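Written out below as C-alpha cells is the structure these notes cover.
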Amino acid sequence: MTARPTGHYVLKDDGLYLQFDRLFYAPIEDVWFSLTNPNAMRAWIGTYTGSPATGGVRFRMEAEGEGEWQNVSILECAAPHRFTADSGPGPNGIRLFCHLVEGGGMTTLTLGQRLHDPSEAADMGPGWDYYLDRLAAARAGTPQPEWETYYPAFSPHYRELAVPGGVR
C-alpha cells in the first residue's frame, strides 16, 4: 500500500469537517467491530472503558504509547451504520462521526472530524490518514505504517485544500 493524503472538506449544518473514505472488502458488521470493540481498536488506535449504551465512555489513544484518558459523549449510535461522538470540553472539543455503508461485498467507511479552523487540517489530516491506514493494516494483518511517512509530508496537501465558500 502506498500512503497518500485522502481527506477533503465537507460543509455540514454544524460546521466544516475534514472527511475521509476507506473501502473494505468485508461485511459491515466486521468493520463496525473494528471501530467499536475496545479490544479490536487496540490494534490501530486505542481503547475505551465503560458502556457506550450509557451515552459516555472514557477513551485513550494507545497507538503512540500511553495516552491520557478522555471523556467521550456518544451523541448517536445506530449500529452498524453510524455513530457520532464528542470529546473534550466545550467549544474546543472534538466532534467525530463514522458512517458505514455496505454493498457488493464491500463496506465503505466515511469518517469526519469537525474543524474549529481550516488551518487545523494540516495537522489533523496526516493523523487521520495514518490511523485509517493503521486500521486497514490491522484488518489485513499487514505491518503497521510508519508515522514519519505521513507527517509532515502530507501537511502541504491539507494546507492547500480548497475551503468551501464562506468558511475562513
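The values are calculated or read from the model by the stated rules, or taken from the named source; none is laboratory data. Because the structure is a prediction, the values reported are computed rather than measured. All Cβ positions, glycine included, derive from the backbone under ideal geometry; neighbour counts span all protein chains shown. SASA here: full protein model, heavy atoms, side chains in, ligands and nucleic acids out. Shrake-Rupley method; radii C 1.70, N 1.55, O 1.52, S 1.80 Å.
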* To do: Quick one: check the C-alpha center-to-center distance for region 96-146 versus region 35-90, whole angstrom.
  => 15
* With every protein chain present, what is the per residue accessible area of the chain (1.4 Å probe, Å²)? -> 53
* Asked: What part of the accessible area of the chain, given as a whole %, is carbon or sulfur when the probe is 1.4 angstrom?
  -> 53
* Provide the FRET efficiency to the nearest 0.05 for the Val101-Trp69 pair, computing r from the beta carbons and using R0 = 30 Å. => 0.45
* **Cα-centre dipole for the chain with unit charges at Cβ (Lys and Arg positive, Asp and Glu negative), debye to 20** => 180
* To do: Please go through region 8-40 and write out the chymotrypsin sites (Phe, Trp or Tyr not before Pro) that DSSP classes as loop and that have at most 12 other C-beta atoms within 10 Å.
  => Tyr25
* Percent RCO, i.e. relative contact order, over region 73-123, from Cα pairs under 8 Å lying at least 6 residues apart -> 24
* Asked: What is the spin-label model distance, in nm, from His81 to Glu146 if the labels are put 7 Å beyond Cα along the C-beta direction?
  -> 4.3
* **Charge sum, other residues only, whose C-beta stays under 14 Å from Pro5's C-beta, Lys/Arg counted +1 and Asp/Glu -1** => -2
* Asked: Over region 1-48, what is the mean sequence separation of C-alpha contacts under 8 Å (at least six apart), divided by residue count, expressed as relative contact order in percent?
  -> 19
* Structure fact -> Residue separation between Thr108 and Ser155 times 0.36 nm, minus their alpha-carbon distance, gives in nm 14.4 nm
* **Relative contact order of region 19-168, defined on C-alpha pairs under 8 angstrom at six or more residues apart (%)** => 22
* Asked: Where the only charges are on Cβ atoms (+1 Lys, Arg; -1 Asp, Glu), what is the dipole of region 28-89 about its Cα centre, to the nearest 20 debye?
  -> 120
* Debye, to nearest 20: dipole size of region 111-168, +1 on Lys, Arg Cβ, -1 on Asp, Glu Cβ -> 220
* Karplus-derived 3J(HN,Hα), 6.51/-1.76/1.60, for each residue of region 142-157, Hz, glycine and proline x -> 9, x, 5, x, 9, 3, 4, 5, 9, 10, x, 3, 8, 4, x, 4
* Structure fact -> Between Ile94 and residues 5 or more places away or on another chain, the pairs with built amide H atoms under 5 Å apart involve Ser87, Gly88
* region 110-159, Rg to Rh (Cα coordinates; Rh as Kirkwood inverse mean 1/r) -> 1.02
* Structure fact -> Residues whose modelled amide H sits under 5 Å from the amide H of Leu16, counting only those 5 or more places away in sequence or on another chain, are Leu115
* Asked: HN-Hα J couplings of region 117-134 from phi, Karplus 6.51/-1.76/1.60, θ = phi - 60°, integer Hz, Gly and Pro as x?
  -> 8, x, 5, 5, 4, 5, 9, 6, x, x, x, 6, 4, 4, 5, 5, 5, 5
* To do: With unit charges on the beta carbon (Lys/Arg positive, Asp/Glu negative), name the residue among Ala78, Gly65, Pro91 whose Cα is farthest towards the positive pole of the charge dipole of the chain.
  => Ala78
* Which value, in Å² and to the nearest 10, is the accessible area of Arg58 when all protein chains are kept and the probe is 1.4 Å? -> 100
* In the chain, what is the volume of the convex hull around the alpha carbon atoms, normalised per residue and reported in Å³? -> 125
